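Remarks on the structure that follows.
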Amino acid sequence: MPDDDSSEANLASLSLKRSYRTGSDPLNEFYVPCLSRAVKYDRAAGFFDSKSLTVAARGIAGLIRNGGSMRVICSPRFNDNDFDILQNLTEDVGESDVLESALARGIDPENPDVEEYLQTDRFKCLAWMVEKGHLEIKVAYMPADKEKNPYRMYHEKLGIITDGSENRVAFTGSLNETESGWTENYESFEVFRSWVGNEDERIQDKQDAFDRLWTDQDPEVEVYDLPEAVERSVTERSPETVDGKPALNLFLTEEGSKTDADEIMELWPHQQEAIDWWRDHNYWGILAMATGTGKTYTALRAARLQADTRLTIIVVPTKVLIDQWLDELVDVFGEDTEILECTGRENWREQILEVVDPFRLGDLDQIAKRDRTVLITTPHTASSDAFRRAVKHIPENRLQMIIDEVHNIGSEQFRKTLEIDAGRRLGLSATPNRQWDEEGTRIIYQYFGGQDPFRFTTEEAIENGYLAEYDYNPLLCELSTEEYEDYLEYTKQLGQIEAQLKSSKSPPQRLFDRREQILRDRARIKKRAIRKPARFGAFLDSEHPTPAIVFCEDNEQIDELQNELEKRNKRYGVYVSDRPEEQANAFHKFETGAIDYLLAIRCLDEGVDVPDCPTAVIISSSTNTREFIQRRGRVLRTSDRKDHAVIYDLFVLPGINAQPNDPAAKKIIKQELRRAKLLMDAARNGDEAEVQLAKDLAEYGDGFKSLVYAVKAPDAFEGSPLES
């Protein structure tokens, strides 16, 4: 048999059988070789989906190379609602509306999210064919008739293939123009060849029948042009072309052809907008979406687009978050996804080469035989020499990278992760900028394309109902006399060091190190204020919703708060990274309602889902904007068990020794106000909380009271550092 890809060979050169049925591989023995020689293909089928173009990729590519065209008449996949609408047409619902929605489902019946399906490369090629006239589609259905079965469906199945020498092949039988029709179902069909005996007459009969349908001259069937709205949505996604033709390897190396998970949740509008934005930026960029607005799910849905021939690397900050990603990964990608966890708890080094070798070698045959493949890891592993060596030689068009909490990856410790050359790159973070680290932030932005992130703020999420509304309640706590004096002393020392740094052209490193140490020691005074445990105890004695997450500074502070809880016989658990067994047990009890309070340090800040929890108590907080934004996000997830959330924030005051115009006292209050203002901005009681704070600070003098209205909230989404 001649080479199937030869466009010069004709149909008569093929050794075609008189009939085919499942088991004889009709796709590769009949359909692909015939199409690769065709200049015209007329097809009438009960059902049509674009995956039929995928499974016959080589043949369709040959048809395009030959300058050929394809005409399809199909019946839309009507559901019960469509039938009801057809039977009871009103002035508000026209037949074209029904046809449009039904045809959209028919394009990919297994995927309810048609809009996402339209964005794959397969569909871009389909779009190009429609736009350039290589493919025309018309829709046929049996009109409702009260005297006949109103649910009749056009179900004819025939095809006529013509080559450049006017040789023709016709086939008729049971199969639809769908992926399953050609590859999975039990099907059979007869074949007629124009160069054999009197078979050309039978072929002409079928051609005449098709032409009558195409021109809507069959009295039993109504045939409509492809609805304009559907056609427009298709052609708008036509790909870039070379010499007037699309990149045919999009057919030959089809991406996205494997079966998706059976049930896919509907995307929220902002999630679809984020995916569209990423696609429009050539699959590079950062999604700066508020905590709780579905970053993980959005990323996985984005990663499904045309990704079957790509290895996906997902970098997640902690092993706890890896477990959450794994749950969603299986839901979105399907249970047959091949997943290799590359962390200290798995022996990944012995397996990784076997997983990545097909992608490194670019062996499409081997890649096509594999299920979707994912490496999920942490920044520690992703930045290691062993991991980067394993994925180093994968061609960029075979690799996509997702980095969760992407701000972490800009640290000096983890930056080597960004040496991995992935053709598609997606970063996720509610706060992608690294505070006080302009270089690290710039490196992150450069890796993901340099453009400003896609943004969806907490305020937008609350306004649109994706996050819970919340109240903000500051809990005032004064420094002791000794603490405030220590704060003043550290401030004095900082002033002396700053003077030395400014006066020296080449200051020694020890001065910078000393300054950093003093800043840490001074900040610790506020974080570990001696009166905080007692203030927490007073909070426990007040009415407040539970369960509650309590964010602490360190283990010593946790011990102090435990005493307050135990005095009052409260049920609590401790969630800290250096107590792994206690951590897992405590979190399980908290989720199941066995305890009311969960004491945590920073390991609970990022990503861990606790949607039913309505209350956060911030005992200790730094001046890092990201920290309190993430802590707020832990309780803003919506849940049937809460109608709103509450944030209690220990607001540190300088104490009774502060003078009315004391700069150090104002410094303390300004720092606390920056956090409070950001949390108040989106709170439903923000105005009331601001007025109350002004009254409380009036005791320190009008100068302190006025700070409430003068201090601005920090911008959670600062502009790209590449612009500065």
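Here, each number is a calculation from the coordinates, and none is a lab measurement. Note that the coordinates shown come from a computational prediction; the quantities given were computed from them, not determined experimentally. Note that we place each Cβ from the backbone using ideal geometry, even for glycine, and neighbour counts take in every protein chain shown.
I need the calculated FRET efficiency for the pair D208 and D371, taking r as the beta carbon distance and R₀ as 35 Å, to the nearest 0.05. It comes out at approximately 0.15.
Counted by neighbouring Cβ atoms within 10 Å, the residues R520, R398 run from fewest to most as R520, R398. For region 396-433, the residues whose amide N sits under 16 Å from a probe point set 7 Å from the Cα of F512 along the beta carbon direction are 412-413. Here the residues M70, M289, ranked from fewest to most Cβ neighbours within 10 Å of their Cβ, fall in the order M70, M289. Between the beta carbons of N585 and H380, assuming R0 = 25 Å, the FRET efficiency works out to 0.55 to the nearest 0.05. Taking 0.36 nm per residue of separation and subtracting the current Cα-Cα distance, fully stretching the chain between Q692 and A538 would add 53.6 nm. Between S622 and R65, the FRET efficiency estimated from the beta carbon spacing at R0 = 41 angstrom works out to 0.05.
Ordered by the number of other Cβ atoms lying within 10 Å of each residue's own Cβ, fewest first, L540, L467 fall into the sequence L540, L467. Between R524 and D331, the contour length at 0.36 nm per residue exceeds the Cα-Cα span by 65.1 nm.
Do any of K295/K392; K492/K567; K492/K670 go past 29 Å between their Cα atoms, and which? Violating the 29 Å limit, Cα to Cα: K492/K567.
Extending 7 Å from Cα along the Cβ direction at L494 and again at S165 yields two label points whose distance is 8.8 nm. Taken about its Cα centre, region 306-429 carries a charge dipole of about 560 debye when Lys and Arg each add +1 at the Cβ and Asp and Glu each add -1 at the Cβ.
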